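S.K.: Before I ask anything, here is the structure I am working with.
Every number in this text was worked out from the coordinates using simple rules, so none of it is lab data. On a predicted model such as this, the values are computed, not experimentally measured, just so you know. Methodologically, a virtual Cβ is constructed for each residue, glycine included, from the backbone with ideal geometry; neighbour enumeration extends over all protein chains shown.
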Amino acid sequence: MANIQSYDFNGKRALIRVDFNVPLNKENFEVTDDTRIRAAAPTIQHILKNGGSVVIMSHLGRPKNGFESRFSLENIADHVSKVVGVKVKFGGDCIGQEALEMSQSLQPGEVMMLDNVRFYEDETAGVESFAEQLSKHGDVYVNDAFGTAHRAHASTTVVAKFFPKDKMFGFLIEGEIESVNKVLNSNDKPLTAIVGGAKVSSKITIIERLLDTVDNLIVGGGMAYTFVKAQGGKVGNSLVEDDYLEVANTILAKAKSKGVNLYIPVDTIIADKFDDEANRKEVAINDIPEGWMGLDVGSKTNLECAQIIKNSKVILWNGPMGVFEMENFQAGTVSAANAIVEATKSGAFSLIGGGDSVAAINKFNLADQVSYVSTGGGAMLEFLEGKELPGIKAIRG
């Protein structure tokens, strides 16, 4: 495994796997959020600055039957050019002869982009011959697509075997690994994790892993009501996973035995329907009337959670406190986000990860006021859970 900082890119073509699976508008297929493009730009610019040329490969969306114009990376080539600061040539078909001739004739400082690797089923199937064809576009392979590092696909994992020595992580993946390790291996205390979202079932593994690491675990979002019901509380029509009541009690018992302060919300904002304009009121979270559902945490919970967060030295936030997409049920998520920002200003390390948490921190325009915002989503969750990610293993060997 090589290192991007010390590697000599002079005169070499760098084949970079990025995650440019970005949202496009339906009218003109224009990029509406370029966070992932901007996150990969430092890697591309570093290679160009050091005498190399760049061949970009990525997926976009989930095409079903080969080429689909709405999923073509040609739609984003001009936007990538603006972000990177260099005209990005579009190479067309990722394994076609025309694209290969273009990549082989690239000059130092030039950038080209291949079309969507998922136009071929061989990509997701991890077919070695397809990976070999992709490998012909570069002299060195750089994986900077943390968002797909948990997939054993041709362009994320298999292709690395064709670069036995000339393979490395880009700055984005290096930053992701470093940030997760700061949380999991930190000696700074107290360490607080805020785990929210809809379901306990999707967060069991990460919660159990965190119980070995954290001092405080704050439970928020829809999953809180499963914990409340497990303890005998009345949750009305709130989202509950009845199959996981016993699991919730087991988690509570484990937390107690490990000396972890597992914080369950004490009050909630309830509504008589799942609607931003619904009737609403604040009640104790274990006393929700029938016909009402909890859609956000209450004011007392916000104060208590903010205090825990502000007193923390390391913070992981994965999942919102309520239905933050609705204005009347976003106060809990806003409160948590602001507390994280305050703690960060006081010297804490804060890692925001998981799709909804990232969406929330961006919605409230606070992303630049926390330590690190992960681009990983599912990959970051699996990494936090202690799973070995195929894309990471392929580079490390």
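S.K.: At a 10 Å Cβ-Cβ cut-off, how would you order LEU100, LEU217, fewest neighbours first?
M.R.: On the way: LEU100 17, LEU217 24.
With the fewest neighbours first, LEU100, LEU217 line up as LEU100, LEU217.
S.K.: Related question: Efficiency by 1/(1 + (r/R0)^6): what FRET value for LYS234 and ASP275, r their Cβ-Cβ distance, R0 = 22 Å, to the nearest 0.05?
M.R.: Values: r = 22 Å, r/R0 = 1.00.
Computed FRET efficiency for LYS234 and ASP275: 0.50.
S.K.: Hey, which aspartates and glutamates would be in cross-link range of LYS199, C-alpha to C-alpha under 19 Å, not counting anything within fewer than 8 residues on its own chain?
M.R.: Within the straight-line limit of under 19 Å, LYS199 reaches these aspartates and glutamates: GLU208, GLU241, ASP242, ASP243, GLU246, ASP267, ASP296, GLU325, ASP356, GLU382, GLU385.
S.K.: Reachable lysines from LYS313, Cα under 18 Å, same-chain residues fewer than 8 places away excluded?
M.R.: Filter leaves LYS182, LYS189, LYS345.
S.K.: Oh, and also: Testing the spin-label approximation: label points 7 Å from Cα along Cα→Cβ at LYS256 and ALA359. State their distance in nm.
M.R.: Simple spin-label model gives 3.6 nm for this pair.
S.K.: Only loop residues by DSSP count here, and only those with at most 14 other Cβ atoms within 10 Å; note down the GluC sites (Glu not before Pro) in the range 327-397 that meet that. Walk me through the intermediate numbers first.
M.R.: Numbers: sites: GLU327, GLU342, GLU382, GLU385, GLU388; in loops: GLU385, GLU388.
Loop-located and lightly packed - GLU388.
S.K.: Between GLU388 and LYS300, with labels modelled 7 Å along Cα→Cβ, what's the label distance in nm to one decimal, could you check?
M.R.: 4.9 nm
S.K.: Related question: Which of the three applies to the range 45-108, rounded, prolate or oblate, going by the alpha-carbon gyration tensor with a ≥ b ≥ c and a/c under 1.5 meaning rounded? Write out the running numbers ahead of the final one.
M.R.: Values: a/c = 2.55, a/b = 1.50, b/c = 1.70.
Oblate is the answer for the range 45-108, as a/c is 1.5 or above yet b/c matches or exceeds a/b.
S.K.: Return the loop-located trypsin sites (Lys or Arg not before Pro) in the range 262-315 (DSSP other than H, G, I, E, B) with at most 11 other Cβ atoms within 10 Å of their own Cβ; answer none if there are none. If you can, show how the numbers build up before the last one.
M.R.: Values: sites: LYS273, ARG280, LYS281, LYS300, LYS310, LYS313; in loops: LYS273, LYS313.
In loop regions of the range 262-315 (DSSP not H, G, I, E or B), there are no sparsely surrounded trypsin sites (Lys or Arg not before Pro).
S.K.: Taking θ as phi - 60°, what are the ³J(HN,Hα) couplings along the range 338-353 by the Karplus curve (6.51, -1.76, 1.60), each to the nearest whole Hz, with x for Gly and Pro?
M.R.: Ordered by residue, 3J(HN,Hα) equals 5, 5, 5, 4, 4, 5, 4, 4, 8, x, 6, 9, 10, 10, 9, x Hz.
S.K.: Checking the cross-link filter: which lysines have an alpha carbon closer than 26 Å to that of LYS12, excluding same-chain neighbours under 8 positions apart?
M.R.: Excluding near neighbours in sequence, the set is LYS49, LYS82, LYS87, LYS89, LYS136, LYS161, LYS165, LYS167, LYS393.
S.K.: If I model the chain as equal point scatterers sitting on the Cα atoms and use the Debye formula, what is log10 I(q)/I(0) at q = 0.14 Å⁻¹?
M.R.: -1.14
S.K.: Convert each backbone phi in the range 20-29 into a coupling constant with the Karplus relation 6.51 cos²θ - 1.76 cosθ + 1.60 (shift: θ = phi - 60°), then list the ³J(HN,Hα) values in order as whole Hz, x for Gly and Pro.
M.R.: Couplings: 9, 7, 9, x, 10, 6, 7, 6, 10, 6 Hz.
S.K.: Shifting gears a bit: Around VAL358, what is the net charge, scoring Lys/Arg as +1 and Asp/Glu as -1 over all other residues with Cβ under 15 Å from its Cβ?
M.R.: Numbers: positive: ARG36, ARG38, LYS363; negative: ASP19, ASP33, ASP34, GLU176, GLU325, ASP356, ASP368.
The answer is -4.
S.K.: Taking H placed 1.01 Å from N in the peptide plane, check which residues at least 5 places from LEU262 or on another chain put their amide H under 5 Å from its amide H.
M.R.: LEU217
S.K.: While we're here: So if we plug the beta-carbon distance of GLU208 and ALA284 into 1/(1 + (r/R0)^6) with R0 = 22 Å, what FRET efficiency do we get, rounded to 0.05? Walk me through the numbers on the way to the answer.
M.R.: Values: r = 28 Å, r/R0 = 1.28.
It comes to 0.20.
S.K.: Separate question: Provide the percentage of antiparallel DSSP beta bridges, counting only those with both residues in the chain; round to the nearest 5. Display every interim value, and only then the final one.
M.R.: Details: 10 of 49 bridges.
DSSP beta bridges in the chain are roughly 20 percent antiparallel.
S.K.: May I ask you to work out the translational diffusion coefficient for the range 176-384 at 37 °C, viscosity 0.692 mPa s, via Stokes-Einstein with Rh from the Kirkwood sum over Cα pairs, reported in whole µm²/s?
M.R.: Numbers: Rh = 16.8 Å.
My calculation gives 196 µm²/s for D.
S.K.: If you don't mind, another one. Please list log₁₀ I(q)/I(0) at q = 0.17, 0.20, 0.28, 0.29 Å⁻¹ for the range 161-223, using the Debye equation with identical point scatterers on the alpha-carbon positions.
M.R.: -0.72, -0.85, -1.16, -1.19
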